[in-house]
Amino acid sequence: MRPMSEFIENPRRTPRAPVHCDARVALSDGGFFASPTIDLGPGGCQVPTPSPLHPGSRVFLELAHSNTPAPFRASGRVAWAKSDPAPRAGIAFDDITAAPAAELYGRVAEAAPRTAGPVRVPDRIPVEAGLAPAPPPGRAPALAPEEALVLTALGEGLTVGALRARLAARWEEAVNATFSLLGRELLVIGPPDPAASAAWKSLLTRP
């Protein structure tokens, strides 16, 4: 009997576009900061923060973008927070803002056409599946630290299981980035492309 495959589950169920909105964030304890978003999706956004936030804490946001006629206001919670190499947090919007958030995402995603299309990111990937860098776009894309970590570790290409073993203790933080790169079409499930790998190596080692 053939053994059942082990799968890596996609922790991110909604798409994200790496676009910058002007964000004004009010904290439940009375604090406030302004910062451009790192990415945005219909379910939430990622923002740099002046200091680490507390996961689970309430936040209130106002997001503005040149593609939107008026600022978008939402409430949500801090889904996660990290401080290495710089403080940043993922904010999950409340369900009540689902419809206007989806409309906002549709508008601002036009600013990042490479990620705005109907890219189908799998809900899970078998550990024996191969991953490889896709040819990079004409302009060097902005990468989150975890995305750069995955691309560097991947080299020309590895199976999901081999990538997990190589990243070891850092795998948990890299899972989200792996699926993010698939959604941005910067990573593919399939055989290696030596030309794409060489191009990424040049981008990732550029000062």
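The values are calculated or read from the model by the stated rules, or taken from the named source; none is laboratory data. In this text, all values refer to a predicted model and were calculated from it rather than measured experimentally. Heads up, the Cβs are rebuilt from the backbone with ideal geometry, glycines too, and the neighbour counts pull from every protein chain shown.
General remarks:
- Looking across the stretch 83-93 at every residue that is assigned to a loop (DSSP other than H, G, I, E, B) and either in contact with a helix residue (DSSP H, G or I) (Cβ under 9 Å, 6 or more places away or on another chain) or at pLDDT below 85 (or both), the one that is farthest from Pro55 (Cα to Cα) is identified as Pro85.
- The stretch 155-180 residues that are more than 22 Å from Ala199 (Cα to Cα), paired with ones that are part of a helix (DSSP H, G or I) and of a type outside the set (A, V, I, L, M, F, W, C) (beta carbon under 6 Å, 6 or more apart): Trp171/Arg164; Glu173/Glu146
- Among the candidates Ala98, Ala162, Ala74, Ala140, residue that is among the aliphatic types (A, V, I, L, M), surrounded by 15 or more Cβ atoms within 10 Å (Cβ to Cβ) and under 20 Å from Asp39 (Cβ atoms): Ala74
Residue-by-condition table, conditions (1) under 30 Å from Gly161 (Cα atoms); (2) free of Cβ contacts under 8 Å to residues at least 24 places away in the same chain; (3) part of a strand (DSSP E or B):
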| residue | (1), (2), (3) |
| --- | --- |
| Pro11 | yes, no, no |
| Val19 | no, no, no |
| Arg24 | no, no, yes |
| Ser35 | no, yes, yes |
| Cys45 | yes, no, yes |
| Ser51 | no, no, no |
| Val59 | no, no, yes |
| Ala81 | yes, no, yes |
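- Test set (1) touching a Ser or Thr at 6+ places or on another chain (Cβ under 6 Å); (2) in a loop (DSSP other than H, G, I, E, B); (3) closer than 23 Å to Ala89 by Cα - Ala142 fails condition number: (1)
- Here the condition is being more than 19 Å from Glu172 (Cβ to Cβ), under 20 Å from the mean Cα position of the chain (by Cα) and among the β-branched types (Val, Ile, Thr); of Ile91, Ile96, it holds for Ile91 alone.
- Residue within the stretch 183-204 that is assigned to a helix (DSSP H, G or I), touching a Lys or Arg at 6+ places or on another chain (Cβ under 9 Å) and crowded, with 19+ Cβ neighbours inside 10 Å present: yes
- Condition broken by Pro55, with the remaining ones in (1) farther than 30 Å from Glu128 by Cα; (2) in a strand (DSSP E or B); (3) of a type outside the set (Val, Ile, Thr); (4) under 20 Å from the mean Cα position of the chain (by Cα) satisfied: (2)
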